[in-house]
Amino acid sequence: MIELNNVTKTFGQTQALQSVTLTCSGGKTTVLIGPSGCGKSTLLRLIIGLTEQDSGTVTFDGVPVAPNNVFSLRRKMGYVIQEGGLFPHLTARRNITVMAGYLKWNADRIEERLDELLELTQFPHDGLDRFPLQLSGGQQQRVSLMRALMLDPSVLLLDEPLGALDPMIRADLQEELKEIFQALKKTVILVTHDIGEACYFGDEVVLLREGTIIQKGTPEDLVFAPVDPFVTHFINAQRSPLENVRAQ
Amino acid sequence: MSMNVIRKCFGIICIFYVATLFTPLAVSGEESVTVTVGSKKFTESVILGEIVSHLAEDKALKPVHRRELGGTRVLWSALLKGEIDIYPEYTGTISREIFAGLGIENEEEIRRALSEKGIRMTGPLGFNNTYVIGMRADVARKLGIRKISDLRNHPELSLGFGNEFMDRGDGWPSLKERYSLPQKDVRGMDHDLAYRGLQSGDIDAMDLYATDAEIQYYKLQTLTDDLSHFPEYNALILYRADLEARAPGIISALSRLEGLISEPEMILMNARAKLDRIPESKIAADFLAARLSLDAEAHGETVMSRFWQHTYEHLFLVCISLIAAIGVSIPLGIIAAKKTKLGQIILGFVGIIQTIPSLALLVFMIPLLGIGGPPAIAALFLYSLLPIVRNTYTGIHDIPLHIRESSEAIGLSAGARLRIVEVPMASSSILAGIKTSAVINVGTATLGALIGAGGYGQPILTGIRLDDVGLILQGALPAALLALFVQGAFEIAERMLVPRGLRLKSMA
């Protein structure tokens, strides 16, 4: 599905990725996790062509991602980011359908797809005519997700999609998002720094540090069969302080 | 009368009417020839321009009088370029300013130098309008100053000279050298305003034209040029050599003016214009009627027709220059936001244009585009660039990265991103830039009158020359109102053009 082969990327003096090789298989959810600056977002941005690698190859269904085909490839990928990236001057409806409109879909087809997405994301129909600033954070992320899914892409890329939400809404949306992933059976690559969220979503979890992959495996592999002390250290660092409360 | 006859008559009238409309084009010969007369921005020059215009009309020519075109440099280059055909000039100005440094002294040498440039001159008109240095009589008496050399003993005096006098070949620098004058407080100002400065005591001495009506009116003491610094400034008329073939009638008519106007007569005419506020056209017609028994018709305009004319000219200058500036600036601002290096060059360039003084920019345009509307529009266009380029650049540059990247990540092409996301998001900033440009443009366009572009600057210019506050207000008020109107119109446009989603406050 998506393959990275020996990919290296530097920003000035910093090495964001060092010869990373990774395969994300179709229909599965792969979670990229690691501390800030480990290169997980850069990896996602390489796949959708927002930055270009210095060396190595990124392929999508066997096709190398390159400036000449990046526009057509992007239409097969949906991309959701932490800030939502919604266009403030367009209503929710226009945000979702902007690309379909650009590709000259007819109105019926757009309405049909929109209805499917509203049902999938539980977004109220009357919210479609609001502007992003008139929506709550959770609703904004639903719109962002619908926009990513509008063209029915085979791959969904999410960069900390829940990062900006408060904990209650975040928990609700995590559940919904997982149901959506299961219903869609798409290839999903999700970036997070929250180990709980990673294990909750991930069929496979990839732990990165300073631009290299430390371990790739199921959540169980990471917890019970760490290949490096850093893995355990990273997991323990996010243990809930509540456990201590219980212990007392 | 049957319907048919009426219809026929009507048809014939129509044909006649249309025919008369086209006559000037259809009939060849002098009848159709337009002669463009220029005059400098002081009253005497305007009166002489009117006299020449009446003479041309008498010869069945079509005179166009471009009044108050500024100073010698503007008129002279306009004449060389053929923007104007005729204008009144003075021998001293020709030898000391136009041909400064060539050592030209007498009339014959002047005539030869002119003809090398394709310019002819009439003989002197009869009066010598030399420069004189003048003071208030009471001040001069108190200080005992009668000659220019007496000024040496009074270094504390402040002097105010016409802007042109400040740096012309025969002006202040050479006068100062000739008489070793010690004064430090020397200011350049408008000649007509200098009279008021002298009256109020802000300045102690100024340059006068010998035929200025104000000398008597303000009871000024003229100082003797005891070292004969100033040459003679015999008034005469300059015209392009090609006029001899194009409109021979005007040449013989101009020669009738030679020796016709004495100094007292010229002073009287100046006085009628400046003190009695009689229109220059009427003064010129009266003079020609009295001296040449010429039946010239004074051209009067009503205040309203003049107002509409100025409004039309002003709007023309502003609209054309602003529309052109919008068309060029928005793409430039977009390029500046997209290409960092090129952007720095663009922003630097339009920034430098803004630092050129508006008057200088107007005059720079004359060699390229002549006088009148085009150079004024070009200058206003250049002035309007910076605010729009800057605001377009800022508007697009300040779009948050996550929004910019989202538009890319969903697969929009560069052009579509610009059209659907970036320009609409920058619209508020771009409109603010256009508004700033428009308001500045309305104000700056008043200077266009100095190079013959007309507009609201024309009554302001004439008002300053004639010391007529009412006339100044006829230009200043509409210009101010127009600026306010433009401001208001853009605020309404903002409400209509800026997407509603951008004007909302966050829910949070």
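All of the numbers you see were taken from the coordinates with simple rules; none came from a lab. No experiment lies behind these values; they were computed from the predicted model shown. Cβ: placed from backbone, ideal geometry, glycine included. Neighbour counts: every protein chain shown.
Odds and ends about this structure:
- Couplings 3J(HN,Hα) of segment B:481-493, computed from phi: 5, 4, 4, 5, 4, 4, 4, x, 4, 6, 5, 5, 4 Hz, in residue order, whole Hz [Karplus 6.51 cos²θ - 1.76 cosθ + 1.60, θ = phi - 60°; x for Gly and Pro].
- Taking 0.36 nm per residue of separation and subtracting the current Cα-Cα distance, fully stretching the chain between B:Thr355 and B:Asp468 would add 37.5 nm.
- Taken along the Cα-to-beta-carbon direction at a fixed 7 Å, the label points for A:Lys28 and B:Glu108 span 10.9 nm.
- Using a cut-off of 27 Å between Cα atoms, the listed pairs B:Lys40/B:Lys282; A:Lys76/B:Lys339; A:Lys9/A:Lys216 include A:Lys76/B:Lys339 as exceeding that distance.
- Derived scalar couplings between HN and Hα for segment B:440-454 equal 4, 4, 4, x, 5, 4, 5, 6, x, 4, 5, 10, x, 8, x Hz in order, rounded to whole Hz, by the Karplus curve 6.51 cos²θ - 1.76 cosθ + 1.60 (θ = phi - 60°), x for Gly and Pro.
- Rg in Å to one decimal, and Dmax rounded to a whole Å, for chain A via C-alpha atoms: 18.6, 63
- Shape summary of segment A:137-207, radius of gyration then Dmax from alpha carbon positions: 11.6, 30 Å.
- 19 Å cut-off, amide nitrogen to a point 7 angstrom out along B:Lys219 Cα→Cβ, residues in segment B:115-158: B:134-146
- For the protein assembly as shown, a simple Cβ point-charge model (Lys and Arg +1, Asp and Glu -1, everything else neutral) yields a dipole of about 700 debye relative to the Cα centre.
- Within straight-line cross-link reach of B:Lys219, lysines at Cα separation under 22 Å, skipping those fewer than 8 residues along the same chain: B:Lys142, B:Lys147, B:Lys274
- Each residue, B:Leu368 and B:Leu80, gets one label point 7 Å from its Cα in the Cβ direction; the gap between the two is 1.8 nm.
- B:Lys142 versus A:Val223: modelled label distance in nm, points set 7 Å from Cα along the beta carbon direction: 10.3
- Rg and Dmax of segment B:303-502, Cα atoms only, in Å: 19.3, 67
- Once you reduce segment B:199-236 and segment B:382-401 to the center of their Cα atoms, the two points are 52 Å from each other.
- Computed on the Cα trace of the protein assembly as shown, the radius of gyration divided by the Kirkwood hydrodynamic radius gives Rg/Rh = 1.21.
- Helix B:107-116 and the longest principal axis of the Cα set of chain B meet at an angle near 30°.
- Radius 10 Å from Cβ of A:Val206, net charge of other residues (Lys, Arg +1; Asp, Glu -1): +1
- As a proxy for reagent exposure, B:Arg96, A:Arg209 were ordered by neighbouring Cβ count within 10 angstrom, fewest first; the result is A:Arg209, B:Arg96.
- Solution diffusion estimate, µm²/s, Stokes-Einstein, segment B:131-223, Kirkwood Rh from C-alpha pairs, 10 °C, viscosity 1.306 mPa s: 123
- Helix-derived mean residue ellipticity, 222 nm - over chain B, DSSP H n ≥ 4, -39500 (n - 2.57), to 500: -18500 deg cm²/dmol
- Of all beta bridges that DSSP places with both ends in the protein assembly as shown, some 55 percent have antiparallel geometry.
- Computed magnitude of the charge dipole of segment A:1-139 (debye, nearest 20; Cβ of K, R +1, Cβ of D, E -1): 320
- Axis angle, to the nearest 10 degrees, between helix A:92-102 and the longest C-alpha principal axis of chain A: 80 degrees.
- With the alpha-carbon atoms of segment B:88-163 aligned to their principal axes, the span from lowest to highest coordinate is 50, 26, 21 Å, starting with the largest.
- Translational diffusion of chain B, µm² s⁻¹ [Kirkwood Rh, Cα pairs; Stokes-Einstein; 4 °C; 1.567 mPa s]: 49
- Taking the square roots of five times each eigenvalue of the Cα gyration tensor of segment B:383-447, the equivalent ellipsoid has semi-axes of 31, 9, 8 Å, listed largest first.
- Debye log10 I(q)/I(0) for segment B:262-351, one point scatterer per Cα, at q = 0.21 Å⁻¹: -1.02
- Antiparallel DSSP beta bridges within segment B:131-223, percent to nearest 5: 60
- Expected 222 nm ellipticity per residue - DSSP helices of 4 or more, -39500 (n - 2.57), all of chain A, to 500: -11500 deg cm²/dmol
- Put in line by how crowded their Cβ is, counting other Cβ atoms within 10 Å and starting with the fewest, B:Val363, B:Val52 read B:Val363, B:Val52.
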